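Have a look at the structure below before the remarks.
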Amino acid sequence: MATPATLAASAYSAAQRYADPSRQNVSQALGSKASGGFDDLLQSAIDQVSAAGHKADVQSTQAVTGKADIVDVVTAVAESEAALETLVAVRDKVIAAYEEIMRMPI
């Protein structure tokens, strides 16, 4: 049975893989060379979610070692959760828009 700490670590690791600078960035993957477009916005959102997750991870680690206040940990985890929920909501809207476009007659 996976512990909450193990689940959090694996979720954080997955988020880091998406924001890893050694991977192709979103604009290269989409073949777009324009800056300031949707791909930049998407990459920024992924980076923000990753940063929020990293902050929550650091705060949790510091709380375990007795170097952080529990209020700071709860705040960081709540911010991370809100950022992830926002990203998932945006993903759902993009998928819904794509499906709507695919249903349009040519």
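The values are calculated or read from the model by the stated rules, or taken from the named source; none is laboratory data. The shown structure was predicted, so the numbers you read here are calculated from the model rather than taken from an experiment. Positions of Cβ are backbone-derived with ideal geometry, glycine not excepted, and every protein chain shown enters the neighbour counts.
Here are some notes:
- Residues (in a helix (DSSP H, G or I) and either of a type in the set (Ser, Thr, Tyr) or in contact with a strand residue (DSSP E or B) (Cβ under 6 Å, 6 or more places away or on another chain) (or both)) located in the range 51-79: 60, 61, 75
- Residue list for the range 71-81, restricted to those being in contact (Cβ under 8 Å) with a residue 24 or more places away in the chain and either exposed (fewer than 13 other Cβ atoms within 10 Å of the Cβ) or hydroxyl-bearing (Ser, Thr, Tyr) (or both): 80
- Flag for residue 39 being of a type in the set (D, E, K, R), surrounded by 11 or more Cβ atoms within 10 Å (Cβ to Cβ) and modelled with pLDDT under 90: yes
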